Amino acid sequence: MNKLTGLSLGLAALIQGAPALAADVEVPLGSPQRVTQLFAYPNNCNVICFRNWTLEQTVEHYLTQSVQRDGYSTARVKVSGDQQQLHATISGVPQSYGKPLTALLDAGDLAYKGASQLNADGKWAYSWYLFLPLGMALEQRKSVELLHFPPDYSLTRAQDYLESATTDRWATLLTANGIAAEQTPGYQTIVDIAPIAAPSSAGKDLEGVYDYFKDYQTSMVKQVSQSANGKALPMVAFGAPVRNWIKQQYGASVGVLGLGQISPNPGVNVPVLGSNHPSYIWYAADPANYDNDQAKADAAGLKVMGQDLSAACWQAGMGSTAGSDPSAQLQRCTQTWQVTDKAKTCELFYTSVRDLTPPQAQAKCATAPIKTQLQQLKAPAPAPSTEVPHL
């Protein structure tokens, strides 16, 4: 067999194994009123619109984010319709692509119902926005992130659910664990237990709203915790409110770097890892929480950094290698970041949290006091127990 024949056979095999692409997939979105509600339209208008988009352009924006993050770089989205019905025409995606989008919007109806009841009960704040997890990978997910609530600026300024201090920091930890930067969105399919874009200081106010969104929460977890072929996807539960919700809803206790298992769908066991909130490190490492004792603040920050890198390592490993053993993966990750490569953990802390240059961080981590702190990296963290909200 010559090289040309072999190449042709190889391409044929790839094409045969790839999902069938349709010229156009048409997805009904519902009435303009429904679409307006589910896409938080207009996203950013206060007399003057930050981005002066029509409803159709807004929907096209988020759906384009999704198809790009699913890896369909040549796909195109067009939204059109009339006063009774809007629909999205998506080219260059599999025939089945409309199914997860329809499921997301159906779950969105449940979120809207919960938010409406919350408002009817006088518990809705004027500065909140209903915000569904729009624009993320609908099909090619690698893992799931369970968080508290999205910050308002992700909606009003960025129109990107994955643009925030929280998601940006976690993406850098995934890249530190071998995931290419352009692939991190596939690992960051988010479900917020409160689908409300709110100021970052609103965490305490939102703690009383979860029950209003129970149907939405469980519907979303059912949807996203399985891959397109029905396999369980690894899930990370970030922050105390979310870990408590997992315990209440599914009976799984997951502390920081604690493993649990839930079954949102019959016969599908989803591994869940507890983690710090991605933004918690800035609170834990704040000298003001230790009477301005910098050494104590650094020790707390180093501890949290080791935990966070270990959690991101588990997420990266579980998401990139189907069928991995969750316990064995966690053991490898904690060994790597809290024992074997703890000097690298230290350097990453000082560059990303203390804003030192790499040479400055290396010099800092080579000092005797820091080396002593690193010896205690796996000891109980001295950080305060209070967790910051989703920033």
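Observations on the structure shown:
- Residue satisfying all of: in segment 108-128; buried (at least 18 other Cβ atoms within 10 Å of the Cβ) and under 24 Å from the mean Cα position of the chain (by Cα); nearest to A158 (Cα to Cα) among these: W128
- Taking the conditions (1) in a helix (DSSP H, G or I); (2) more than 30 Å from D355 (Cα to Cα); (3) without any contact (Cβ under 8 Å) to a residue 24 or more places away in the chain in turn, G122 satisfies each one other than (1).
- Filtered by the rule that a residue be touching a strand residue (DSSP E or B) at 6+ places or on another chain (Cβ under 8 Å) and at pLDDT 95 or above, segment 207-231 gives V209, Q217, T218, M220, V221, K222, V224, S225.
- All positions within segment 210-254 that are within 23 Å of W170 (Cα to Cα) and assigned to a helix (DSSP H, G or I): Q217, M220, V221, Q223, V224, A240, P241, V242, R243, N244, W245, I246
- Taking (1) loosely packed, with under 15 Cβ neighbours inside 10 Å; (2) within 25 Å of D211 (Cα to Cα); (3) at pLDDT below 95 in turn, G251 satisfies each apart from (3).
- A single member of L356, L391 is among the hydrophobic types (A, V, I, L, M, F, W, C) and at pLDDT below 90, and it is L391.
- Here Y187 does not qualify as buried (at least 21 other Cβ atoms within 10 Å of the Cβ), in contact (Cβ under 8 Å) with a residue 12 or more places away in the chain, within 19 Å of the chain's Cα centre (by Cα) and farther than 29 Å from S96 by Cα.
- Scanning segment 324-353 for residues that are part of a loop (DSSP other than H, G, I, E, B) and without any contact (Cβ under 8 Å) to a residue 60 or more places away in the chain yields a total of 3.
The values are calculated or read from the model by the stated rules, or taken from the named source; none is laboratory data. In this text the structure is predicted, and so the values were computed from the model without any measurement. With ideal geometry, Cβ positions are generated from the backbone for all residues, glycine too; neighbour counts draw on all protein chains shown.
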